[in-house]
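Asks: Here it is: the structure, laid out below.
The values are calculated or read from the model by the stated rules, or taken from the named source; none is laboratory data. No experiment lies behind these values; they were computed from the predicted model shown. Every residue, glycine among them, receives a Cβ derived from its backbone with ideal geometry; neighbour counts consider all protein chains shown. SASA here: full protein model, heavy atoms, side chains in, ligands and nucleic acids out. Shrake-Rupley method; radii C 1.70, N 1.55, O 1.52, S 1.80 Å.
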Amino acid sequence: SIPNPIDTLTYRPRDKSEARQRLHLPENKKIVLFAAVKASDKRKGMDYLIEASRLMAKQSPDLLFLIAGNGGEEIEKQLTVPARCMGYVSPDKMPDVYNAADVFVTPSLQENLPNTLMEAMACGTPCVGFNVGGIPEMIDHRQTGYVAEYKNASDLAEGIRWTLFEADSETLCANAREKVVSDYAREIIVKRYMEIYHG
């Protein structure tokens, strides 16, 4: 199988502080991003995200959960940490949203190779997700983010905590970007198709 390509020029690392200013987000918080076209879709794992936030509320006071996507208000109301729902975000604004975040979380219960994960990593944002579908192919455990045990909210919370407070952030961010450039950039995918047709 050949994954979808990504535009690594549109989705690229930008200045975090400037991205937050453009989006009117605080600069002194650790921002945890969850994004999905329909954020409230149960298959996207909102229940596990809510439980993980409850576990984190006790130990990490300087958090802000950012939710991008339709139906995000439903999640915002149930989170036990400060949260902001951005609703639908246009594609041209998403690179800023990814860059403003310190970690991207995808608690999906079923998934192939999620575009949101690829876009976040292309922006140099480390990712946390469950060990399901194509997610462990994309996230290299403790190298570009954290692969949590499936349907384990406690391990999901641990992954977020580790990424934010324990890991070498600079290395994780660089590794995440490098993974996308080497595996999913347009020119790489084109080359793979050409190998099949000329092979």
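Asks: Select one label from (1) 1, 8, 15, 18, 18, 16, 14, 7, 2, 0; (2) 1, 8, 17, 21, 22, 16, 8, 3, 2, 1, 0, 0; (3) 1, 7, 16, 20, 22, 17, 11, 4, 1, 0: the one whose number is P(r) over Cα pairs in 5 Å bins from 0, in percent as derived from the coordinates shown.
Replies: (2)
Asks: When the dipole is taken about the Cα centre of the stretch 116-165, and only Lys, Arg (+1) and Asp, Glu (-1) are charged at their Cβ, what size is it in debye, to the nearest 20?
Replies: 100
Asks: To the nearest 20 debye, what is the magnitude of the charge dipole of the chain about its Cα centre, counting +1 on the Cβ of each Lys and Arg and -1 on the Cβ of each Asp and Glu?
Replies: 320
Asks: Any chance you could give the angle, 0 to 90 degrees and rounded to 10, that helix 46-57 forms with the longest Cα principal axis of the chain?
Replies: 60
Asks: Excluding ligands, DNA and RNA, what is the solvent-accessible area per residue of the chain at a probe of 1.4 Å, expressed in Å²?
Replies: Averaged over the residues of the chain, the accessible area is 48 Å².
Asks: Along the Cα-to-Cβ line of S40, 7 Å from the Cα, sits a label point; which residues in the stretch 51-78 have backbone N less than 16 Å from it?
Replies: Counting only backbone N, you get 67-78.
Asks: Among N99, N131, N152, determine the one that fluctuates most according to a GNM of the chain built with springs between C-alpha atoms less than 10 Å apart.
Replies: For the chain, modelled as a Gaussian network with Cα springs under 10 Å, the answer is N152.
Asks: Please give the length that would be gained between E195 and T171 if that part of the chain were fully extended, namely 0.36 nm times their separation in residues minus their C-alpha to C-alpha distance (nm, one decimal).
Replies: Net length gain for the segment: 5.4 nm.
Asks: What length, rounded to one decimal in nm, is gained on full extension from Q78 through to N131, with 0.36 nm per residue of separation minus their alpha-carbon distance?
Replies: 16.6 nm
Asks: Also: What number, rounded to the nearest 500 deg cm²/dmol, is the helix-based mean residue ellipticity at 222 nm of the chain, given -39500 (n - 2.57) per DSSP H run of at least four residues and division by all its residues?
Replies: -11500 deg cm²/dmol
Asks: Could you tell me how many degrees, from 0 to 90 and to the nearest 10, lie between the Cα long axis of helix 169-183 and the main elongation axis, the longest principal axis, of the Cα atoms of the chain?
Replies: The angle comes out at about 30 degrees.
Asks: Moving on to the next point. Fully extended, how many nm does the chain gain between E178 and N70 (0.36 nm per residue separation, minus their Cα-Cα distance)?
Replies: 35.9 nm
Asks: Rank Q143, V97, S182 by how far each Cα sits towards the positive end of the charge dipole of the chain (+1 on Lys, Arg Cβ; -1 on Asp, Glu Cβ) and give me just the farthest.
Replies: Going by the charge dipole, the pick is V97.
Asks: In addition: Could you list, in their original order, any pairs among K58/K179; K38/K191; K58/K151; K29/K93; K42/K191 whose Cα atoms are separated by more than 29 Å?
Replies: K58/K179; K38/K191; K42/K191
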